[in-house]
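Asks: Here it is, the structure in full.
The values are calculated or read from the model by the stated rules, or taken from the named source; none is laboratory data. Model, not experiment: these values are computed from the prediction. In this analysis, Cβ positions are derived from the backbone assuming ideal geometry, glycine residues included, and neighbour counts consider all displayed protein chains.
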Amino acid sequence: MYLELFAILLTTLFAWDYLRNRRHNRMYAAAGIRGPRRYPLVGNAPMMIKESPKTVFDLQFRLIAEFGKNIQIQMLGERGFMTADPKMIEAIMSSQQTIQKNNLYGLLVNWLGDGLLLSKGKKWFRRRKIITPAFHFKILDDFVEVFDQQSAIMVQQLYARADGKTVINMFPVACLCAMDIIAETAMGVKINAQLQPDFPYVQSVKTASAMLAERFMNPLQRTDPSMKLFYPKLFTKLNDSVKGMHDFTNTVITERRDLLQKSIANGEDANAALLNDVGQKRRLALLDVLLQSSIDGAPLSNEDIREEVDTFMFEGHDTTTSSIAFTCYLLARHPEVQARVFQEIRDVIGDDKSAPVSMQLLGELKYLECVIKESLRLFPAVPLIGRHITQDTVLDGKLIPANSDVVILIYHAQRDPDYFPEPEKFQPERFSMDRKGEINPFAYTPFSAGPRNCIGQKFAMLEMKSTISKMVRHFELLPLGEDVQPVLNLILRSSTGINCGIKPRVY
C-alpha cells in the first residue's frame, strides 16, 4: 500500500516537473542552446556533487568546450542558461527587458534593502538619476585627496613587514584601506579601519561580507529559513552584524540631516551646513547628495538614503579590494611590467614619495591604467552577473522563454581566445591607445555594461590608480607566497591568499 502511494506520488512529481519544464526545454532546443544531462526534479544539480568554489571555474570552461558559449542550465527550481558569448552578453546588457537581477541577489536584501544594486523598474531608474551627480568630475577630484591620504596610511602600516622575506596577503591589507576610503567618500566620516581594525562598524562589515560570500556557495544557507534551521548561530551573528551597520549608518544620516535642516531653518544656504568647525567647505559625500535630493518634490527618507549608503559601502570596498590585491600580485610576478609602471610614476609624479597626487596626475598614468585593465581582465572583481528574464525575449536572434535565470560568465568571456589571443598571459599592451578599438566592449565587461553598468567605475579606477601607484612608489613588489587559486564567490578571491613580498625602494 505504502509503496503504491509512494510510486503514485513520485510519478505525479515527475509528470509535474516534465510539464513545468516542457515549454522551456522546447524553446531552448529551438534556440540551439544545449546543456548537460538533466534529471527529473533536480535538473543538473548532480554534476555539482564533486565540485567546490575552487573547481567551478574549470567546470564552466569544460561546459563551454562541450556545449558552446551558451549553455542551458537547470538547478532545482532555477531554470535558464549561462553565457560567455559576447554577442549574447551585448544583447542582455543592452536590453531594458533584462535589467532585473536574479534570485541570488536576494541574499543581500537584509543588508542593502532595495538600493541601486537590487532595485528594479521605476525605482531603479529614479535612484540612478539621483546618484549620478555624486560622480561628477568635480566631486571625484575632491575624493582623490581621500584616496591619497588613506593609501599613505596603508604603506606606512606595511613598512614593518617590508623585509623582502615576509609573505603578505594583500587582500586584507587592501580591504581596510578601501573601507576607510569608501566610508569617508560615501558617508563623510572617518572610521579609521586601518588604525583601528577592531572598530565595531569595521568588524560588522568584514563579518557580513565574509558570511554573505559563504551563503552564496552553501545551498543550506541560501534562504533565511534554511540558514536559521541548520546554522542558527551563524544566522544570529549575521543579523547582529547587519543591525550594527544599520545603526551606525542611521546615526550618521540623522546627524547630517539635522545639521542640514538647522542650516536651512536659519536661512542659510544648504551648502553652509557642509562647513567644518573652522569654516572650510566640507568635502561633499554621497550622503550629502542624497540628503539634498528629492523624488516628485519629496525628500528621500532616512531608510531610502541608508539603502544607497549601505549599497555603496558593500560595492565600494570588496570590489576595489579584489582589484588592488590582484594587480599587486601580478606586478610582483612580472618585474618588467612593474619597472615600466615605476618609471612612468617617477616621470609623472616625481621622486618625492610623499608628494600628493591629483586627478590630473592620475589621468596621466596611462600605462598603469593598462595594467589595471589587464588585471581586471584576468581577475574581474565580479566574476559573474545574474539577470532574470520576466517575459519571452529575443536575444541575439534566439527566443528565450520567460522566467529564465541568466548567468553572465564574465571571467570566462574575458579569457576567450577568440577575442584575447594567448588569454592566460598578462599583457597590459592589449589596452594601449594604439590598439584602442580592437577589444570588443562586451567581451570585456569588468564593470558590466549597458543601462546597468557600474555607476562608480571612474571612482574605482581613480582609487585603484592612487593606491597601486602609492604602493609602487614606496615598495618593490616581490613574487613571494603561493600562487593564487581563484575562488568563485560574490567577489573574486583566492583560496591561497593574494600574496606578494615587499621591500622599500631607495631612489
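Asks: If Met88 meets every condition in (1) part of a helix (DSSP H, G or I); (2) touching a helix residue (DSSP H, G or I) at 6+ places or on another chain (Cβ under 8 Å); (3) modelled with pLDDT of 95 or more apart from one, which number is that one?
Replies: With (1) part of a helix (DSSP H, G or I); (2) touching a helix residue (DSSP H, G or I) at 6+ places or on another chain (Cβ under 8 Å); (3) modelled with pLDDT of 95 or more applied to Met88, the lone miss is (2).
Asks: Quick test for you: out of Leu462, Leu384, pick the one residue that is of a type in the set (A, V, I, L, M, F, W, C), under 24 Å from the mean Cα position of the chain (by Cα) and modelled with pLDDT of 95 or more.
Replies: Answer to the selection: Leu462.
Asks: Tell me, please, whether a residue that is touching a strand residue (DSSP E or B) at 6+ places or on another chain (Cβ under 6 Å), under 17 Å from Thr393 (Cβ atoms), at pLDDT 95 or above and not in a loop (DSSP other than H, G, I, E, B) can be found in the range 48-68.
Replies: Scanning the range 48-68 turns up no residue that is touching a strand residue (DSSP E or B) at 6+ places or on another chain (Cβ under 6 Å), under 17 Å from Thr393 (Cβ atoms), at pLDDT 95 or above and not in a loop (DSSP other than H, G, I, E, B).
Asks: Here's another thing I want to ask about it. Would you check if there is a residue in the range 20-38 being of a type in the set (A, V, I, L, M), surrounded by 16 or more Cβ atoms within 10 Å (Cβ to Cβ) and outside any helix (DSSP H, G or I)?
Replies: Yes, the range 20-38 contains at least one residue that is of a type in the set (A, V, I, L, M), surrounded by 16 or more Cβ atoms within 10 Å (Cβ to Cβ) and outside any helix (DSSP H, G or I).
Asks: Looking at Asp418, Asp483, which one is of a type outside the set (Phe, Trp, Tyr), under 25 Å from the mean Cα position of the chain (by Cα), farther than 25 Å from Lys366 by Cβ and surrounded by fewer than 20 Cβ atoms within 10 Å (Cβ to Cβ)?
Replies: Result: Asp483 is the single residue among Asp418, Asp483 that is of a type outside the set (Phe, Trp, Tyr), under 25 Å from the mean Cα position of the chain (by Cα), farther than 25 Å from Lys366 by Cβ and surrounded by fewer than 20 Cβ atoms within 10 Å (Cβ to Cβ).
Asks: Considering only residues that are loosely packed, with under 15 Cβ neighbours inside 10 Å and either charged (D, E, K, R) or on the phi > 0 side of the Ramachandran plot (or both), which ones fall in the range 42-64?
Replies: Answer for the range 42-64, where residues must be loosely packed, with under 15 Cβ neighbours inside 10 Å and either charged (D, E, K, R) or on the phi > 0 side of the Ramachandran plot (or both): Lys50, Glu51, Lys54, Asp58, Arg62.
Asks: Out of all the residues in the range 475-494, is one or more part of a helix (DSSP H, G or I), under 18 Å from Ala339 (Cα atoms), touching a residue at least 40 places away in the same chain (Cβ under 8 Å) and not aromatic (Phe, Trp, Tyr)?
Replies: No - not one qualifying residue is present in the range 475-494.
Asks: Go through Gln360, Gln338 for me and flag whichever is farther than 26 Å from Phe61 by Cα and in contact with a strand residue (DSSP E or B) (Cβ under 8 Å, 6 or more places away or on another chain).
Replies: Only one candidate passes the filter, namely Gln338.
Asks: Please list, ordered by first then second residue, the pairs with beta carbon atoms under 9 Å, 6 or more apart or interchain, first in the range 207-222 and on the phi < 0 side of the Ramachandran plot, second surrounded by fewer than 16 Cβ atoms within 10 Å (Cβ to Cβ) and of a type in the set (Ser, Thr, Tyr).
Replies: These pairs meet every condition: Met217/Ser52; Pro219/Ser226; Leu220/Ser226.
Asks: Continuing with this model, one more query. Give the residue that is surrounded by the fewest Cβ atoms within 10 Å (Cβ to Cβ), with candidates limited to residues of the range 490-499 that are under 24 Å from Pro335 (Cβ atoms) and not aliphatic (A, V, I, L, M).
Replies: Thr496
For (1) closer than 28 Å to Ile408 by Cβ; (2) touching a strand residue (DSSP E or B) at 6+ places or on another chain (Cβ under 8 Å); (3) surrounded by 23 or more Cβ atoms within 10 Å (Cβ to Cβ), each residue gets a yes or a no:
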| site | (1), (2), (3) |
| --- | --- |
| Phe431 | yes, no, no |
| Pro446 | yes, no, yes |
| Ala449 | yes, no, no |
| Cys454 | yes, no, no |
| Met464 | yes, no, yes |
| Leu478 | no, yes, no |
| Leu488 | yes, no, no |
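Asks: Scanning the range 301-320 for residues that are within 11 Å of the chain's Cα centre (by Cα) and of a type in the set (D, E, K, R), which turns out surrounded by the fewest Cβ atoms within 10 Å (Cβ to Cβ)?
Replies: The residue in question is Glu315.
Asks: Among the residues of the range 399-409, how many are out of contact with any Gly (no Cβ under 7 Å at 6 or more places or on another chain) and at negative phi?
Replies: Selection size over the range 399-409: 6.
Asks: Give just the number: which of (1) surrounded by 15 or more Cβ atoms within 10 Å (Cβ to Cβ); (2) within 21 Å of the chain's Cα centre (by Cα) does Ile502 not satisfy?
Replies: Here Ile502 clears every test but (2).
Asks: Can you confirm whether the range 150-162 contains a residue that is closer than 30 Å to Ala45 by Cβ and modelled with pLDDT of 90 or more?
Replies: Checked against the condition, which is being closer than 30 Å to Ala45 by Cβ and modelled with pLDDT of 90 or more, the range 150-162 yields no hits at all.
Asks: Any idea which residue in the range 425-439 is nearest to the chain's Cα centre (by Cα), counting only those that are in a loop (DSSP other than H, G, I, E, B), at pLDDT 95 or above and of a type outside the set (Lys, Arg)?
Replies: Phe426
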